[in-house]
1. Nearest 10 degrees is fine. How inclined is helix 169-192 to the longest principal axis of the chain, computing both from alpha carbons?
2. How long are the three semi-axes of the equivalent ellipsoid for the chain, computed from the Cα gyration tensor as the root of 5 times each eigenvalue, in whole Å, largest first?
3. Tally Lys/Arg at +1 and Asp/Glu at -1 over every other residue whose Cβ is under 13 Å from the Cβ of Arg228; what's the total?
4. Report the gain in length on full extension from Ala137 to Ala60: 0.36 nm times residue separation, minus Cα-Cα distance, nm rounded to one decimal.
5. Rounded to the nearest 20 debye, what is the charge dipole size of the chain about its Cα centre when +1 sits on each Lys and Arg Cβ and -1 on each Asp and Glu Cβ?
6. Output the relative contact order of the chain, whole-number percent, from Cα pairs under 8 angstrom with separation of 6+ residues.
7. Only residues of the range 291-307 count here: report those whose backbone N is under 19 Å from the spot 7 Å along Cα→Cβ of Ala317, or say none.
8. What's the exposure ranking of Arg228, Arg311, going from fewest to most Cβ atoms within 10 Å?
Amino acid sequence: MKTPLVVSLEQALSMTYATQRMVQLGWRVIKLEAAGPPGSRRGDPNRYVGRQVAGADRHAYFVAPNLGKESLAIDLKHPEGQRLLHRLLERLQVDVFCTNTLPAHHRKLGIDYDTLQAVRPELVWCCISAQGLDHPAVPGYDPVVQARVGYMDLTGEPDGPPLLCGVPLVDLKAGDEAFSQVLLALWEREHSGRGRLIDVSMARAAASWLPTFLPLLDMDSPPGQLRRSGNRHRQFFPVDAYRTADGYLYLAVGADAQWRRLCAQPEFAELDRPEWSSNEGRRAGGESLHRAITAITSRFSGAELSAVLTRAGIPHAPISRIEQVFELEDLAGKFLHTRTPDGRRVRLPPAAVDTGHLAASGGELPFCPAYGEHTACILSEIGLAEEEIAELRRQAVVV
């Protein structure tokens, strides 16, 4: 199979993350952005979020999900802009078209599945939206979906308000679903010769991550038992964050055999009580058990406790500050990186799994594109002369 070519009308995070994963496989990704008048904040709104890094249109929040892409700026509200997109799909034999534009706008922009599939029947067409194509007018925002699908009801302290997850999980989950479904569709096309439509609902993707909650409601678990539990696990005890002499440490006892090994350590021997020998007993005595463990852990440093818990084979970890993630031994050498136009090296999250393409590049990805940086090159590639491109710019069809 040839290296896939992707055109993506994308903004914000969910689809830009999906196509960034495609970049990491060595695919060519053309980021399609709306043409706008000079002086305005044009293209992906995330270009202007965070500290300015490279020019007025590349701010910090935009960088990581857009590395290694090409930027093509076209006004798809203009009929000529739509004709350019269709010509690009045909001339470059585009494999995948992605978008997280509000589905209610697809047809008037000429990017709906039926229109593009008629232009290129082999096209794999993928959309991410809040509630899927059956609900085309609903905008998709990660925090709103977290609230609607129950995530905030599950996050926070038991006596506190609902809270957002610290990571935009719904955006990233939807992006991963788009990525994996595109891979599957391309594999299927190798056998069938046909593309297909992929409809990713952020709400459905988020709800799919609730297997340890929703089914329990039909098996007599009261809703209150499933709600916010702070740092504690709802089923296994003790699994919680405990104060140490110099910070906090997360301790996870997931089986009675682990509990026995913990109590066999001299530092924790006082916890060896009959009423706490089973998980259900520890769950019933949750508050008193939590106080007893805290009384022990607060006497030792995190390093001292880690030595004890390692000896006992108990899962545990210090609660790392975000800047300490770069120092984790098991991730060393896995982080990717890029370089800004002025030569600064920027460290990036690792790929979830090593790929040959990333290994060959030494883990370096090209910096994200300036707005419309590749418009002229791409239009030349599909056969437009310099005079034609200049005229399109004069008409504000492209930037």
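1. For 169-192 against the chain, the angle is about 60 degrees.
2. Numbers: eigenvalues 478, 114, 70 Å².
Taking √(5λ) for each eigenvalue gives 49, 24, 19 Å, largest first.
3. Numbers: positive: Arg227, Arg232, Arg234; negative: Asp153, Glu157, Asp159.
With Lys, Arg at +1 and Asp, Glu at -1, the neighbours total 0.
4. Working: separation 77, 0.36 × 77 = 27.72 nm, distance 3.00 nm.
My answer for the length gained is 24.7 nm.
5. Dipole about the Cα centre, nearest 20: 340 debye.
6. 19
7. 302-307
8. Numbers: Arg228 19, Arg311 11.
Placing the least packed residue first, the sequence is Arg311, Arg228.
Laboratory data are not the source of any read-out in this text; all were calculated from the coordinates shown. Everything quoted here is computed from the prediction, not taken from an experiment. So basically every Cβ, Gly included, is an ideal-geometry build from the backbone, and we count neighbours across all protein chains shown.
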